[in-house]
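Step one of this worksheet: look at the structure below.
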């Protein structure tokens, strides 16, 4: 993210009007490798290719906040690997971590990993250090610490169904699991900020909290996200949850976050009412069916409809309702940007009045 983009983001957070409406996209391995013409595995395994791809995207889309920007991730393996999860690396599909806890009793034997040495974490840090000079030479900086959220990581460790069932049948064990995972996330966020002083915020991604009802959310999500939001002293706290998001929205400021990327199935007006005026909304064009599969004109139409659904564009960044999916073309991202720029006025030449006519 450039200095100008960072200042724009801070102005949006402060509720100042920004013209034209800012555009931002969460970009990572589902979209970047295919867009640049490589496989996902090569993108993740090759530091040089990773850097070249991110530099290419930053240069091609200078008017887009690419969030978090130069994301040195390893898909869903980044954090679970630190706990000892077995990671599967397909050639051209998303990497994922295999379930490692096979009984709720296994949770008691878990220990908090060391983010400085365990799993993929040190590889993330080393990649950024090696690339830092080139990133800064291109006018960018590492601005956001990133992590998957406590429910996202926990469900990879014990299983998605098992985690949700455990809320009702094994609540003490699930709390213990979330406590260990949250402690690791707090360490991981703080360590990234320690390594890169330009970091001024965080991006946390957790779709699984969207499966929790109101009372379960308050007990099993809210206190853990409050701990995470307090792990870094910086102005920007972005949360991505493109599952069911209304309960999250209603507790958003209480969670300690201030930028929300949510499902395209929730309208901007609906989300503004639920989250309140102090939250920056990051959305809300359908990612797959419009940005990836639509025509440029369909992208422009959807973007204008989304922006036109709320009258006040303060604390709004035009985006998609989720991360940038595979298959999004450069032309469609250009169309998204052009949708927020008003067309130039049309001046028509007025013919000279006939002689003797009144003027």
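Screening residue 244 with (1) at pLDDT below 95; (2) under 14 Å from residue 202 (Cβ atoms) gives one miss only, at (2).
Table: residues versus (1) part of a strand (DSSP E or B); (2) farther than 19 Å from residue 286 by Cα; (3) touching a residue at least 12 places away in the same chain (Cβ under 8 Å).
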residue: 232; (1), (2), (3): no, yes, yes
residue: 239; (1), (2), (3): yes, no, yes
residue: 244; (1), (2), (3): no, no, yes
residue: 247; (1), (2), (3): no, yes, yes
residue: 270; (1), (2), (3): no, no, yes
residue: 274; (1), (2), (3): no, yes, yes
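Selection over region 251-265 of residues that are farther than 20 Å from residue 287 by Cα and crowded, with 16+ Cβ neighbours inside 10 Å gives a count of 6.
So residue 225 passes all but one of these: (1) at pLDDT 95 or above; (2) under 23 Å from residue 209 (Cα atoms); (3) surrounded by fewer than 22 Cβ atoms within 10 Å (Cβ to Cβ). Which condition number does it fail? Among (1) at pLDDT 95 or above; (2) under 23 Å from residue 209 (Cα atoms); (3) surrounded by fewer than 22 Cβ atoms within 10 Å (Cβ to Cβ), residue 225 violates only (3). Among the candidates 327, 294, 323, the residue that is outside any strand (DSSP E or B), in contact with a strand residue (DSSP E or B) (Cβ under 7 Å, 6 or more places away or on another chain) and more than 24 Å from residue 19 (Cβ to Cβ) is uniquely 323. Checked against the criterion of being crowded, with 20+ Cβ neighbours inside 10 Å and in a helix (DSSP H, G or I), the candidates 72, 82 yield just one match: 82. Of all residues in region 322-341, those satisfying the criterion of being in contact (Cβ under 8 Å) with a residue 60 or more places away in the chain and in contact with a helix residue (DSSP H, G or I) (Cβ under 6 Å, 6 or more places away or on another chain) are 322, 325, 326, 327, 328, 336. For region 41-50, the condition of being closer than 26 Å to residue 157 by Cβ and part of a strand (DSSP E or B) holds for none of the residues.
Taking (1) closer than 24 Å to residue 276 by Cβ; (2) touching a helix residue (DSSP H, G or I) at 6+ places or on another chain (Cβ under 8 Å) in turn, residue 14 satisfies each apart from (2). Filtering region 143-163 to residues that are touching a residue at least 24 places away in the same chain (Cβ under 8 Å) and either closer than 19 Å to residue 122 by Cα or surrounded by fewer than 19 Cβ atoms within 10 Å (Cβ to Cβ) (or both) leaves 143, 144, 145, 146, 147, 148, 149, 153, 159, 160.
Within region 12-50, being surrounded by 15 or more Cβ atoms within 10 Å (Cβ to Cβ) and within 13 Å of residue 317 (Cβ to Cβ) holds for 12, 13, 18, 21, 22, 23, 24, 25, 26.
Can you pull out the residues in region 104-115 that are within 20 Å of residue 188 (Cβ to Cβ) and either loosely packed, with under 13 Cβ neighbours inside 10 Å or touching a helix residue (DSSP H, G or I) at 6+ places or on another chain (Cβ under 6 Å) (or both)? Of everything in region 104-115, those that are within 20 Å of residue 188 (Cβ to Cβ) and either loosely packed, with under 13 Cβ neighbours inside 10 Å or touching a helix residue (DSSP H, G or I) at 6+ places or on another chain (Cβ under 6 Å) (or both) turn out to be 107, 110, 111, 112, 113, 115. Considering the conditions (1) under 23 Å from the mean Cα position of the chain (by Cα); (2) farther than 26 Å from residue 25 by Cα; (3) part of a helix (DSSP H, G or I), residue 108 is excluded by exactly one of them, (1). For residues that are assigned to a helix (DSSP H, G or I) and free of Cβ contacts under 8 Å to residues at least 40 places away in the same chain, scanning just region 182-217, find the one that is farthest from the chain's Cα centre (by Cα). The residue in question is 215. Contact map, region 115-134: residues that are on the phi > 0 side of the Ramachandran plot paired with residues that are surrounded by 15 or more Cβ atoms within 10 Å (Cβ to Cβ), Cβ distance under 7 Å, separation 6+ or inter-chain. Pairs shown: 119/81; 119/82; 119/113.
Tallying residues that are crowded, with 22+ Cβ neighbours inside 10 Å and either on the phi > 0 side of the Ramachandran plot or not in a helix (DSSP H, G or I) (or both) within region 51-65 yields 2.
The values are calculated or read from the model by the stated rules, or taken from the named source; none is laboratory data. All of these numbers come straight from a predicted model, not from anything done at the bench. Don't worry about glycine lacking a Cβ; one is built from the backbone with ideal geometry, like all the others, and counts go over all protein chains shown.
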